[in-house]
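Let me begin by presenting the structure, written as structure tokens, before commenting on it.
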Amino acid sequence: MGEAGALAGEVAFSDMSFLPRGLGRSATATGSGTVRLAQGRLSGEGAVELAYRDLGNGTVNFTFAEGGSFSAHGTFRVTPPFVDEVSGEIAVDEGNNLSVNAVIAVGEMRTHLPGLGLTGGTLTLNSLNGQPSGGIEGFTASYRGLGAVTLQTATLAASGFAGTGSFDLQVPGLNEASGRVTLRNGALSGQLRLGAEAFPEGLPVTRPSLTVTLGESGRVGVEGSATVSLGPAGTGNFTAAYSDAGQFSFGGDVALTIPGLRTVNAHVGYAEGALSAEVQVPVNTTLLPGLDGMVTVRYAQDRWSGETRLAYSADNGKLSGEITVTVAQTDAGALELGGEGRVTAQIAPRLQGTLTARILPEGAVDVSGVIEVTEPLELFPEQRMDRELFRHAQNIPLWAILVAVIRIRAGVRAGIGPGVFRNIRVEGSYTIGATEADPSFTVSGELFIPAFVEGYVALGAGIGVDVVLGSMTGGIEAVGTAGLYGAISVVPELSYADGDWGIEGTATMAAGARLKLGLNAWAEIEALWVTVWDREWTLAEMVAPIGPDLGLQAHLSYKFGRPEPPRIEMTSSEADYSGLIQDAMPKDGPAPAGAREALQNRAEWQGQLRAQRAAAVPSEQVAQQAQPATPPAAPPRPPQQSAPPGGQGGAAGGPGPAGQAAPGATQATQPGTNPSGANQPQRSKAVDLAAAPDANVPAAVPEGTLPNADQPRYPRPITLAMLDEPPAPTPRTPSQEAEDVQAAGRMVDLASAQATDSDALDNYFPQIKQRFGLVALGYEGDFSKGFRVVGKINPQFERTVSEPLTGTGLPAALNQGHQSRIIFEHSQLGGSQVGLTMRAKPLGPDHEQGSGPTGQEALMNQLPTDPNHYRDPAQRYIRGHLLNDHIGGPGHPMNLFPITASANAEHERSVESFAKDWVNNRKLWIDYTVEVQATPQLRKATGGLKKIDSVITATAAALDTNLNRIAGLTRGVTIASTYNVVEEAEEGAAHDFDAALLDPTTAALQAARPQDQGLTPPRSARETPTTFPATIAATIAQAIAKLGSRSKVASVLQDHPGFGDISETVLFQVYDRVGATGATVDFLGTPAEKGVLTRIINAWSGPNGLGARLEREMSQKSAQT
């Protein structure tokens, strides 16, 4: 009490329990606050926490002042069914009552129950002085994949929510079902039982018992089981559940057994009104050998099925491929494995085909089908003999620009083979994986061996016109052949079936005579060394029988293991033998007479026309022509382009003054069609410089730093004429470098198409390198892998070309030491060592010097060798070189074998002369093999001496840059060195001055590199020079003066048998160079030319010799004047 007698005080309270009026025991109230008394008045503040069992809670903050005013505020929170907590604001109304008034829509509510979605309804929340009221109207919600819940009415009181509703089943595919939902004191409850009536008819479900339960908080649960029938997989026990994630499931496992696959457990589930499953089933490799992997099997629409593609490999890889494996449910309800695929069968190393593999229902693999080999298998190669018996060649200048060419040749050809096994067919089937299955198959084919012998006559005639800027040629070629053609055909068929082997076959021998005639024509126009037009016509072709076809056929049939003898039938009248005879006829005909080739050798006939034109001179000049001419400079090649910038060489041309043409030569150039004169003497280093890296080529600049760098550098097609254009501009970007490298590679391809050999191709390299700005361009490789063209900047290109491999235009490393590799195999005969085999790959112009034969005295003393006593070359033995001494063959016994002189001449004529020309003159690299087959001991001959018969097989072939043999530069022969056999053809050849005719492409294949020209392959140490008699030169000079021209002298000489165009060229070449000096002739290019000169000298004297012909013609001329 205060001094004035007034009461005052303050009371604080905390956690005080209150008993709200009208709430009973369903609610509690706990408060804290302060009450003050001053001057007879009360004031204070406080907070009360309300708790409603099964409903919610609230908070009220209040104050009252001394003047009697009261204020309060707070929050009233409740938890309705199915949703999370909601709240309303507590306020004081006009009567100082605490009240709550709130309306909340479903869209403002949230729920934490899995799978539940709120779809509709409204909550009304009221309270007056702590007494709650209100309710829920139109509440709907759905459980995902399961059903929907509805509350028709629900009221709100202090004891919580209360009301009723329903749960409707909404599982896709199941029938409709409904259950009651009860809400009491805020707690939910409900249950829905599902029986057979809930499942649709046709679904294989028996005795289902499923229950859907609704918990107090609204969480739903599903439990129960059902038996499901799954056809051939049996029955499965299915269970139902609703997961915490809100997913309904109904399914179970079943044991799945399929023949050929392993047993697995498959899980089958119910969804969208249907049962489905997918399982990976492994293959049973014991039942299905060769297959391995997993097969995909599915259950849908009340059936099991599957299809998977698997790799297949059996019989140690002899069968391989892919098989589509299938699983199907039969109408009887069984599961069956099947499928098929195509597999490759490797029956033998050269017998392969495609078969069909099928999976059998019992679980094995059946392989069946037909293998046909379209390409025949060669058993032995063709053996061919081609001998020319007669040849006549004549060029007839008609006018100053026109020449007529006549060529006649005749000969015989014979051959056997190739022996082939053709039309091979394997047909049958066998089962892999089955224990009792027996294979059945047949193997058939045809052994075919053709043979023929024929004689032929070839006639060719043509004309050539020579004008200033080009030439025109044309003519006809006729070839007639008559021969006998035959073949042996054996067609066996081997079969196996039902455990028995059997064979059936037919052997046929047929022969017939045929006459073949063919007539062709051609025309060609050339301008500036380029063919601008050419055409060929087939005028006539005919094949006609010239006698009856003869044949005999035998048929055999036999089953092995049976007592019946084999059945053999012979016939000669019912079979058609024409097909076999046609197959036996060689596909290639005899070579033509050679008229077209003669006209293609323009240097020869155009030279004759120029000589004829030169002959039309005033009579006072005739005396001057009678004197030997001063040797002229060698005629130049077609004019070369000037050297590329940079001083890599001088002017192109011949050995005379730079750029000076020979008299009569036309100074015309087709741009880009001829390579630079890089290999001319004054350009000797150009090709080597092209191959050497050039450090002065600028490096690439970054992309985007140059203007217009995105424009193509070569918008037009690449042509050889582009070599005359300025070099590629620099600097350049990496992409521009790549363009230049690609263009340079294309240019190498074009140059290769024009070049005749590797040296001719590398003539282009300096210009290509400069034109496209390459760092280097040259050959790379060796004699084990071949040679390729490599061009470099930063990127690089490689080109594999097929050019005759010539000279030393090869990588520098190959110039170190000899690259020719020669292997000898030898044995003993008659007390001396003898050579049996010589293999040279490669053999080139770097070979060692050869030598004449030495040793073998003990052997040769037992054989007839004296040429004075044994004049017949077939009865006289010499020591024959396997590798000729002019191309490096040593005179050592390991390189010698005793053969008849006639066999030695045949070896020289058929192979050795070509090999010597290719290696020593053309600078080609070749593959050369000589093999000798002979008895190991000597046999008795006559006069107490002995003999040795042998067979020599020789093959020589020029190599290209890929180390492959060149078909057009290959020679082969098989020679029988048989004692006392005279070779008549050898006698005839002795009088043929032109027997060693030069190949028309000789000039084109000649290497121009100075290091090649300086590379003089050493001939034999026993080679001796030839002198030109002064008497012959004097007679020629007298005849030119008397007859008026060289062409008339040549015409008289060509009437002599065997004196042809080559003889004329050689004779006047020697006459111009030597004259009447009697000097040694050491300038002829080939052994063939030297042989021609020797035969001219030998045929000059005598009453019917060449000199006598000229004397008679001059006498007749004098008599006429």
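The values are calculated or read from the model by the stated rules, or taken from the named source; none is laboratory data. None of these values were measured; they are calculated from a predicted model. We place every Cβ from the backbone using ideal geometry, glycine too, and count neighbours over all the protein chains shown.
Pairs needed: first member in region 442-471, more than 30 Å from SER495 (Cα to Cα) and at pLDDT 85 or above; second member anywhere, of a type in the set (Asp, Glu) and in a strand (DSSP E or B); C-beta distance under 8 Å; at least 6 residues apart or different chains. Close Cβ pairs (under 8 Å, with a partner that is of a type in the set (Asp, Glu) and in a strand (DSSP E or B)) amount to ALA458/GLU477; LEU459/GLU477; GLY460/GLU477.
Can LYS559 be described as at pLDDT 80 or above, in the same structural domain as GLU504 (by TED's automatic domain parsing), of a type in the set (Lys, Arg) and surrounded by 14 or more Cβ atoms within 10 Å (Cβ to Cβ)? Give the derivation first.
On the way: at pLDDT 80 or above: no; in the same structural domain as GLU504 (by TED's automatic domain parsing): yes; of a type in the set (Lys, Arg): yes; surrounded by 14 or more Cβ atoms within 10 Å (Cβ to Cβ): yes.
Against the criterion (at pLDDT 80 or above, in the same structural domain as GLU504 (by TED's automatic domain parsing), of a type in the set (Lys, Arg) and surrounded by 14 or more Cβ atoms within 10 Å (Cβ to Cβ)), LYS559 does not qualify.
Answer yes or no: is there a residue in region 718-726 that is in a helix (DSSP H, G or I), assigned by TED's automatic domain parsing to the domain that holds VAL789 and surrounded by fewer than 19 Cβ atoms within 10 Å (Cβ to Cβ). So far as region 718-726 goes, yes, one or more of its residues are in a helix (DSSP H, G or I), assigned by TED's automatic domain parsing to the domain that holds VAL789 and surrounded by fewer than 19 Cβ atoms within 10 Å (Cβ to Cβ).
Candidates in region 191-226 are the residues that are in contact with a Leu (Cβ under 9 Å, 6 or more places away or on another chain) and at positive phi; of these, the one that is surrounded by the fewest Cβ atoms within 10 Å (Cβ to Cβ) is GLY224. In region 118-151, the residue that is farthest from GLY58 (Cα to Cα) out of those that are surrounded by fewer than 17 Cβ atoms within 10 Å (Cβ to Cβ) and of a type in the set (A, V, I, L, M, F, W, C) is ALA148. If you go through region 330-363 and pick out every residue that is modelled with pLDDT of 80 or more, in contact with a helix residue (DSSP H, G or I) (Cβ under 7 Å, 6 or more places away or on another chain) and loosely packed, with under 15 Cβ neighbours inside 10 Å, you end up with 1.
As for region 853-872, it holds no residue that is within 19 Å of ILE975 (Cα to Cα), not in a loop (DSSP other than H, G, I, E, B) and not small (Gly, Ala, Ser).
As for region 245-255, it holds at least one residue that is small (Gly, Ala, Ser) and out of contact with any strand residue (DSSP E or B) (no Cβ under 8 Å at 6 or more places or on another chain).
For GLN1069, the conditions (1) in a helix (DSSP H, G or I); (2) within 29 Å of PHE390 (Cα to Cα); (3) touching a Ser or Thr at 6+ places or on another chain (Cβ under 9 Å) all hold with the exception of (3). Residues in region 287-321 that are modelled with pLDDT of 90 or more, surrounded by 14 or more Cβ atoms within 10 Å (Cβ to Cβ) and of a type outside the set (A, V, I, L, M): GLY293, THR296, ARG298, SER305, GLY306, GLU307, THR308.
When you scan region 504-517, do you find a residue that is within 28 Å of ALA404 (Cβ to Cβ), at pLDDT 85 or above, assigned to a strand (DSSP E or B) and not polar (S, T, N, Q), even just one? There is at least one residue in region 504-517 that is within 28 Å of ALA404 (Cβ to Cβ), at pLDDT 85 or above, assigned to a strand (DSSP E or B) and not polar (S, T, N, Q). Of the residues making up region 210-231, those that are modelled with pLDDT of 85 or more and of a type in the set (A, V, I, L, M, F, W, C) are LEU210, VAL212, LEU214, VAL220, VAL222, ALA226.
Is it fair to say ALA623 is at pLDDT 70 or above and surrounded by fewer than 16 Cβ atoms within 10 Å (Cβ to Cβ)? Lay out the reasoning, then the answer.
Numbers: at pLDDT 70 or above: no; surrounded by fewer than 16 Cβ atoms within 10 Å (Cβ to Cβ): yes.
The answer is no for ALA623.
Within region 772-806, the set of residues being buried (at least 22 other Cβ atoms within 10 Å of the Cβ) and at pLDDT below 70 comprises LEU805 only.
Checked against the criterion of being under 24 Å from HIS392 (Cα atoms), of a type outside the set (S, T, N, Q) and within 60 Å of the chain's Cα centre (by Cα), region 1100-1119 contains not a single residue that satisfies it. Apart from one condition, LEU288 fits all of (1) in contact (Cβ under 8 Å) with a residue 60 or more places away in the chain; (2) in the same structural domain as PRO361 (by TED's automatic domain parsing); (3) outside any loop (DSSP other than H, G, I, E, B); the exception is (3).
Filter region 29-53 down to the residues that are touching a residue at least 60 places away in the same chain (Cβ under 8 Å) and surrounded by 18 or more Cβ atoms within 10 Å (Cβ to Cβ) and list them by number. Within region 29-53, LEU50, TYR52 qualify.
Quick check on ALA162: is it among the aliphatic types (A, V, I, L, M), over 28 Å from ASP93 (Cβ atoms), in the same structural domain as ALA102 (by TED's automatic domain parsing) and free of Cβ contacts under 8 Å to residues at least 60 places away in the same chain?
Values: among the aliphatic types (A, V, I, L, M): yes; over 28 Å from ASP93 (Cβ atoms): no; in the same structural domain as ALA102 (by TED's automatic domain parsing): yes; free of Cβ contacts under 8 Å to residues at least 60 places away in the same chain: yes.
When the stated conditions are applied, ALA162 does not pass them.
Looking across region 210-239 at every residue that is in a loop (DSSP other than H, G, I, E, B) and in contact (Cβ under 8 Å) with a residue 40 or more places away in the chain, the one that is farthest from the chain's Cα centre (by Cα) is identified as SER217. Contact map, region 1102-1121: residues that are over 14 Å from LYS1048 (Cα atoms) and in the same structural domain as ILE1032 (by TED's automatic domain parsing) paired with residues that are β-branched (Val, Ile, Thr) and not in a loop (DSSP other than H, G, I, E, B), Cβ distance under 6 Å, separation 6+ or inter-chain. Pairs shown: GLY1107/THR1035. Please determine whether any residue of region 266-277 is under 23 Å from GLY341 (Cβ atoms) and among the polar types (S, T, N, Q). No; the residues of region 266-277 include none that is under 23 Å from GLY341 (Cβ atoms) and among the polar types (S, T, N, Q).
Residue-level check: of (1) in contact (Cβ under 8 Å) with a residue 60 or more places away in the chain; (2) surrounded by 18 or more Cβ atoms within 10 Å (Cβ to Cβ), SER950 misses just (1). Checking PRO715, PRO702 one by one, the residue that is free of Cβ contacts under 8 Å to residues at least 12 places away in the same chain, assigned to a loop (DSSP other than H, G, I, E, B) and farther than 16 Å from LEU774 by Cα is PRO715 and no other. Beta carbons closer than 8 Å, at least 6 apart along the sequence or on distinct chains, never pair a first residue in region 888-911 that is over 18 Å from LEU938 (Cα atoms) and outside the structural domain of ARG871 (by TED's automatic domain parsing) with a second that is at pLDDT 90 or above and buried (at least 22 other Cβ atoms within 10 Å of the Cβ).
It is to be established whether one or more residues within region 489-503 are more than 30 Å from LEU319 (Cα to Cα), modelled with pLDDT of 80 or more and not charged (D, E, K, R). Break it down stepwise before answering.
Filtering region 489-503 down to residues more than 30 Å from LEU319 (Cα to Cα) leaves 489.
Subsequent filtering for residues that are modelled with pLDDT of 80 or more retains 489.
This time we only want the ones that are not charged (D, E, K, R), so: 489.
Yes, some residue in region 489-503 is more than 30 Å from LEU319 (Cα to Cα), modelled with pLDDT of 80 or more and not charged (D, E, K, R).
All conditions in (1) within 30 Å of ASP759 (Cα to Cα); (2) modelled with pLDDT of 85 or more; (3) of a type in the set (Ser, Thr, Tyr) hold for TYR1071, with the sole exception of (1).
Of the set (1) modelled with pLDDT of 85 or more; (2) in a strand (DSSP E or B); (3) not assigned by TED's automatic domain parsing to the domain that holds LEU156, all apply to ARG207 but (1).
Apart from one condition, GLY88 fits all of (1) touching a strand residue (DSSP E or B) at 6+ places or on another chain (Cβ under 7 Å); (2) of a type outside the set (S, T, N, Q); (3) surrounded by fewer than 18 Cβ atoms within 10 Å (Cβ to Cβ); the exception is (3).
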